[in-house]
1. Leaving ligands, DNA and RNA out of it, rank Thr189, Thr590, Thr282 by accessible area with a 1.4 Å probe, largest first.
2. So, taking all protein chains as they sit and a 1.4 Å probe, how much accessible area belongs to Asp325, in Å² rounded to tens?
3. Quote the relative contact order of the range 1-113 in percent (integer), defining contacts as alpha-carbon pairs under 8 Å separated by 6+ residues.
4. Would you be so kind as to identify which of Gln471, Ser728, Phe578 lies farthest towards the positive end of the dipole of the chain, taking Lys and Arg as +1 and Asp and Glu as -1 on Cβ and the Cα centre as origin?
5. Identify the residues of the range 704-725 with backbone N under 17 Å of a label point that sits 7 angstrom from the Cα of His797 along the Cα-to-Cβ direction, or state none.
6. Straight distance only, please: which lysines reach the Cα of Lys695 with their own Cα at less than 19 Å, same-chain residues fewer than 8 apart left out?
7. Relative to the present Cα-Cα distance, how much length would full extension add between His790 and Phe410 at 0.36 nm per residue of separation?
8. Over the chain, calculate the relative contact order: mean separation of alpha carbon pairs under 8 Å at least 6 apart, over the residue count, as a percent.
Amino acid sequence: MELSVHQLNQIVNGQLKEATSLPSIKKVVTDSRQLIGADQTVFFALVGPHFDGHQFIASCYEQGVRCFVVQKQPEVTTFPEASFIVVDHTLHALQQLAAWRRQQFLGTVVGITGSNGKTIVKEWLWQLLFPKNNLLRSPGSYNSQVGVPLSVLQLEPGYELAIFEAGISRKGEMEKLEAIIQPTIGIFTNIGSAHDEGFSDRIEKVREKIRLFRQVKTLIYCKDYALIEEAVQASGISGFSWSKNAETKPDIWLKAKKTVQKHTQLTLQYKGNTYHINIPFTDRASVENAMHCAAFLLLQGYPLDGFEELTAVEMRLEIKEGIQDCTIINDSYNNDLQSLQIALQTLQQRALPGKSVLVLSDLLQTGMEASALYQQTAELIAHYQVDQLIAVGPSIRQIQHFLSSKVQAFYFEHTAKLLQELHQFDWRQHTILVKGARRFELEQLASRLSKKIHLTVLEVRLQSLRHNLSQYRQLLHTNTKIMVMVKAAAYGSGAIEVARVLEKDRVDYLAVAYADEGIELREGGIELPIMVLNPEEAVIDAMIRYRLEPEIYSLTLLQQFAQASRYQDGAFPIHIKFDTGMHRLGFEATDLPLLLQNLKNNPQLKIHTCLSHLAASEAPEHDEFSLRQIRQFEAMYQQLISAIGYQPIRHMLNSSGISRFPKHQMDMVRLGIGLYGIEANPDMQPKLRTVLQLKASVSQVKHLPKGETVGYGRKGRAEEDKKIATISIGYADGLWRAAGNGKFSVSIRGQLAPTIGNVCMDMCMVDVSHIPDVQIGDAVLIFGPQLPVHRLADALHTIPYEILTSISGRVRRIYLQD
């Protein structure tokens, strides 16, 4: 895309306040942190409930941007070389530009919507079609009112096919996305409970989603969803359907489904012909997603090949420990400029003290000339400060003409040669992004560099964490700040990784329990303000050195920090804790006179925030007590500010308090367990996504004759012939011993398998007599999206907090990021 400023102004119906020099526009940016080639970039200053892009105009101008689309024009003399296009609504203007760009594209555009599976179907179609087509698909899960236009603006004339997904959460949104995507072929994946709260009922949600397909030539869908079938028939849209039921007369009949080890064999009938496909998955959702892909291929006349090589979409941007204390970011199944930029952002955020290393294969079938392609790639490498490039493939060598001299580069014709030469590299404390097209099989490199350790893993879905943060933000006023609790290793998920996400998403404060946790965050490069809930005298000097801010809950603590801070330059930040009924820590009302006198005697202490803690915010039966706590806090706060002469930030609400007492959010709230998708408020819980998934694997399968026993103490007994599986998790990993003897069931191949016998330290046994084809290496789900952690907590008569914080440090944390 290349436009003049005047053309852009005309497309978005703006009012141009022009500078003397008008640049051409090739790139669109809505995030000032993603500026590359700023002199040819237009910055759209988007405005939302909790952000205002106009705040970043100065930063963009300093970096070289000279064209801005704004809702409110800043002082022109401050930016003498800038052109401002003033519009009523910058998001609408961005959408108008994307719709214009779509109209220039003559190829096939596929639009995908549904409650679940949108991203997987899109990514699988890309995997199946990429070797045969120059195609574009929306990066990650860019399916929102902002993500869709940014995706469509990537369209270039060289592409033959484009695949975009569209997601909505309320009525009226799809009409805007349809105008941007303008799909020629549609795929409606399914309908479920996701975002039900934004619609009056499921029927309304289907009617809203089907608006995406008003102008399509053909809509692919499953007839087995009655609401979708009814909506298609009512709309008059030309449908292309599949079903498991031949009596419904679908275009494609899924005649048979057979599970063999870790694969599913599907038999299809279409136009009198029989087809067979084999997918490396056994769950119902994967079968459904594969059928949508097969329907598209048959409709378009493509052969049904490549299904056996499909890879799990959630493995994109898998972050894990490597040899020599390095970190591996594995994104080894695809390669294009859009996904490369997303991966490089993660590399930059995650960088260790060593080098940032990019292992990159040829970029294939992008629709761009090689010189322009590798010039842009080199610009990305420079922008994200990559120290070392390891390039694989015959084409990528062309990048050497554009690389900065600061980048150390190595070139290999193929992956096998690189693997032979691995010994020449020192990986110590490096952060290594492995990014390659599938045909280069760079997953072999990721595997070689990864630590070969315990098979039990805790997967942390960072995109779900961001989603949950956004859901709570929607409950807050524009100026309400957010403090996020990352104590106890961020509830077991890993404090540094979570803190990096929160820092990028601009939360205001972090809180930890002890100074050691705060020091770890500082040494991990976290710059956000950090409050320490339980400061101790022994670590006061370290807290000052690492810029950690103490919660002060007693006169003794106040005096200790007053003494230590007396000789520091500037004001020393503290946080005053009031006890309003929790009766754990904090100043009571009778302590106020002495507290105020000590504060007056130590003017070097600056109160940043004042807080208290609700004892039962999740329990409606204690609401009057909670409201009494809030009133008492406000009364104590008023006495405090009358004495000190300024107004510190007030905060009292925790996760369930945010959702249940929004009128009392004050100046800041403290988000904890809700960030991870666990909420006591039944109205809030459906809006959240599960962040953590604990998985083990099958180590061995045994056939047990009737009368035999299992495990320590012979507690498990076979009352009939049984088949049992030993799985790689025990009480030393976090699966409590009390979960044994049938009190808890794990999930294997989508079916529940109860424990049998006592849980051992490093493993346990489960009954899989009723589950066919269980094999060594099969995945075992302990908890996750399909198996909520509440189940395990209930079985052990405890709470999810205790389960999550009990997960052992030897369990690998793998971070999955879109």
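The values are calculated or read from the model by the stated rules, or taken from the named source; none is laboratory data. Note that this is a predicted model, so its numbers are computed, not measured. Note that we place each Cβ from the backbone using ideal geometry, even for glycine, and neighbour counts take in every protein chain shown. Quick note on the areas: whole protein, heavy atoms, side chains included, nothing else; ligands and nucleic acids left out. Shrake-Rupley method; radii C 1.70, N 1.55, O 1.52, S 1.80 Å.
1. Numbers: Thr189 0, Thr590 115, Thr282 50 Å².
The ranking, largest first, comes out as Thr590, Thr282, Thr189.
2. Asp325 has an accessible surface of roughly 100 Å² with all protein chains in place.
3. On the way: 183 pairs, mean separation 30.6, N = 113.
Normalised by residue count, the contact order of the range 1-113 is 27 percent.
4. Towards the positive end, the residue furthest out is Ser728.
5. In the range 704-725, the label zone of His797 (backbone N under 17 Å from the point 7 Å along Cα→Cβ) covers no residue.
6. Of all the lysines, those that pass the test against Lys695 - Cα under 19 Å, at least 8 places apart if same chain - are Lys262, Lys320, Lys451, Lys452, Lys743.
7. Working: separation 380, 0.36 × 380 = 136.80 nm, distance 4.96 nm.
Contour length minus the Cα-Cα distance gives 131.8 nm.
8. Details: 1723 pairs, mean separation 69.2, N = 818.
Value for the chain: 8 percent.
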